[in-house]
1. Working only within segment A:38-75, note down all residues that are more than 16 Å from the chain's Cα centre (by Cα) and within 10 Å of chain B (Cβ to nearest Cβ).
2. Would you pick out the residues in segment A:27-73 that are part of a loop (DSSP other than H, G, I, E, B), free of Cβ contacts under 8 Å to residues at least 24 places away in the same chain and out of contact with any strand residue (DSSP E or B) (no Cβ under 8 Å at 6 or more places or on another chain)?
3. Residues of segment B:281-311 being over 20 Å from B:N249 (Cβ atoms), in contact (Cβ under 8 Å) with a residue 24 or more places away in the chain and surrounded by 17 or more Cβ atoms within 10 Å (Cβ to Cβ), which ones?
4. Go through segment B:242-263 and report how many residues are over 27 Å from B:G334 (Cβ atoms) and part of a loop (DSSP other than H, G, I, E, B).
5. If you take the residues of segment A:134-156 that are among the aliphatic types (A, V, I, L, M) and touching a Ser or Thr at 6+ places or on another chain (Cβ under 8 Å), which of them is nearest to the other protein chains (Cβ to nearest Cβ)?
6. If A:V204 meets every condition in (1) exposed (fewer than 14 other Cβ atoms within 10 Å of the Cβ); (2) under 23 Å from B:F49 (Cβ atoms); (3) more than 8 Å from chain B (Cβ to nearest Cβ); (4) among the hydrophobic types (A, V, I, L, M, F, W, C) apart from one, which number is that one?
7. Please work out if A:K189 is within 7 Å of chain B (Cβ to nearest Cβ), over 25 Å from A:V118 (Cβ atoms) and among the basic types (K, R).
Amino acid sequence: MASRTVAKDIITLRGSAAIVSEFFGYAANSILYNRGVYPEESFAKVKKYGLPMLLTQDEGVKSFITNLTAQLSENEIVGKEWLEAGKLQRVVMVIMSKATKEVLERWNFSIETDSDVVEKGVSREKSDREIMREIQAIMRQIASSITYLPCLDEPCVFDVLAYTDTDVPVPFTWIESDPKLIANPQMVKLHSFDTKIHKVDTLVSYKNDEWDEQ
Amino acid sequence: MDLDKAHTLLTSKTPQFNTSSNFNQAYRQKLIENLSLDSQGRPFKIMVFRGSPKSSRKSIRFVDELRQEVAAIFEKDCKQTPYRCIPKGEKRVLDAPRLRNDYYSNIMSWGMNNMLAVALGHELYLWNSEDQAVHKLLQVRGGNDWPTSVTWSEDARTLAVGYMCSNLQLWDVESSKLIRSLQGHSGRIASTAWNGHILTSGSRDKSIINHDVRAANSLASCIKRHADEVCGLKWSTEGNRLASGGNENLLYIWEASKMSSSKFLHRLSDHCAAVKALAWCPYQNNVLASGGGLSDGCIKIWNTEKGICINNIETKAQICGLEWNRHHKEILSGHGYSIRENQNKLCLWRYPSMTKVGELGNHKSRIINLCQSPDGITVISAGADETLRFWDVFGPPTAGAGNSMVSDLQGLLSFRTSLLR
């Protein structure tokens, strides 16, 4: 896209954290929908990022994701939430076989926080529309990932992991975990988006499909 | 999709991140070896989200599982053609003052003559279900003795009454006269069961006695196998097998022809508490249901031919009685004490799946005995709260649906049944 001078918006640390946690909520829903972890009928369309985004209507999943994103952006218990304190390094959505608990897919969202902003409380400038376009690109990529990701043709469950700094106390809605890695995965790097305060990279790694030629 | 871009993305190497100097070389090395994803070079800890503390996390289901559930509900709706409705409340409540709160007694029996015989304390009453007339049959003088077991003979001509002091009496109810007293036991008679002219009694003295009530010397056989009080006794519908349950948690199956030699057919030790509740299945030969006491709480379905347990349900409550539904394939359990569920309740289970159809019960304290009406529609529960509660839970009778039990019954009785209004 040709760059042109666009009016820039002020991004604060809090605003950026909100953008990131909101992104994660929509991305999680999109993954659940596109990977067929939940039936298509249980999703409803909403307009977001200039795209028709699908959100789950299943009460259990809905509250799970809502609570999760609230945790990332607003943690009353911890005091200063992870994104704002720059203590959240990654959020990983892990898709596992329900029967064997084997990890089949890992959606890794790495977060780089501008430490200057965290320490000094400055704000940055970037066009909101620009950020939205970047996110839109990632969402499109998630949707099109089904063209190369192996079929998940068994019942699956998902988990969400958070990689944080070691000094972060574990809230009681989380428990310490292993990384739930895939042995010998295939990896695909997706687009990233940058609010100038938080930079989020997306990577999906998946279990080698037996049919792949190696 | 931009194929060129996609190709680049798929084949390009992932960028290196900045590494921080305070990062342990060996640890980093290990990370790079172990992790298939690049770390940011910072030490981290990983945690997994467990959900909100306020709401419980529902289990995550997959497409097919959800569709299976929908299909199952649909199937259930289709199969449920006769509308199965469990009454919410009792049809009737009778006051039962001084009803003894004793798990081991079997103080209630509903005869084919539509008379309910129930022992309350030292007295024994007859309640006519047709006109609700109450008639006191007997009263025991002296404080140390009382009826502990009451059973109508199959033709309801004779009422067998077993006592605390080991006496066993036969009463003719029409004339309200004592016919004879049978001796043999040395301990209280907790359970009695009729098989034609044979009256079997089980006692705290651990023995089972078969009386032939026609003979002058009635004692036909005495079986000493149980190691504790015999609190459950039931003859099978054909009269070929007897099930006896003891306080030592054992269940014995006896062949009628071989009882005199004390040789049991099966000795079943699966229960972990007293086996008082016994009921033979009306639609399958040789299938028996047994219920365990407080530490057990299991309903076990047995194939008495082979002596194997074919089903087991944990009700988590003391079981004091079991009654099969002759009109629908169900079994009802009556419960006493429980730490968790089903306390003082009656639970209805579908057979043979043993899924719970529902539960009922308003008893304020534990249920002690169950019995059912001759027409198989009503069940009475006798509770320690000194009430007898009538539940029309087994009906409605299926319209002539090849249920031979019902048609036999209607052939037997010359008067109309179930005038419980």
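1. Hits for segment A:38-75 are A:Y38, A:P39, A:E40, A:E41, A:S42, A:D58, A:E59, A:G60, A:S63.
2. Restricting attention to segment A:27-73, the residues satisfying the condition of being part of a loop (DSSP other than H, G, I, E, B) are A:35-39, A:49-50, A:57-58.
In the following step, the residues that additionally are free of Cβ contacts under 8 Å to residues at least 24 places away in the same chain were identified as A:38-39, A:57-58.
Correct list: A:P39, A:D58.
3. B:C281, B:P282, B:N286
4. Pass one, segment B:242-263, residues over 27 Å from B:G334 (Cβ atoms): B:255-263.
Imposing the further condition that a residue be part of a loop (DSSP other than H, G, I, E, B) reduces the set to B:262-263.
Count: 2.
5. Within segment A:134-156, the first condition is being among the aliphatic types (A, V, I, L, M), and the residues that meet it are A:135, A:137-139, A:142-143, A:146, A:149, A:152.
From what is left, the residues that are touching a Ser or Thr at 6+ places or on another chain (Cβ under 8 Å) are A:138-139, A:142-143.
Working: A:I138: 12, A:M139: 14, A:I142: 13, A:A143: 10 Å.
Step by step, filter segment A:134-156, then rank; the result is A:A143.
6. Evaluating A:V204 over (1) exposed (fewer than 14 other Cβ atoms within 10 Å of the Cβ); (2) under 23 Å from B:F49 (Cβ atoms); (3) more than 8 Å from chain B (Cβ to nearest Cβ); (4) among the hydrophobic types (A, V, I, L, M, F, W, C) leaves (1) as the failure.
7. On the way: within 7 Å of chain B (Cβ to nearest Cβ): yes; over 25 Å from A:V118 (Cβ atoms): yes; among the basic types (K, R): yes.
In short, yes.
Listed here are the residues, each with its yes/no results for (1) in contact (Cβ under 8 Å) with a residue 12 or more places away in the chain; (2) farther than 21 Å from A:I19 by Cα.
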site: A:V118; (1), (2): yes, no
site: A:V122; (1), (2): no, no
site: A:E130; (1), (2): yes, no
site: A:A137; (1), (2): yes, no
site: A:P155; (1), (2): yes, yes
site: A:Y163; (1), (2): yes, no
site: A:F193; (1), (2): yes, no
site: A:K207; (1), (2): yes, yes
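Each reported figure results from applying straightforward, stated rules to the coordinates on display, with no laboratory input. Since this is a predicted model, take the numbers as computed values, not measurements. As a convention, Cβ positions derive from the backbone with ideal geometry for all residues, glycine included, and neighbour counts pool all protein chains shown.
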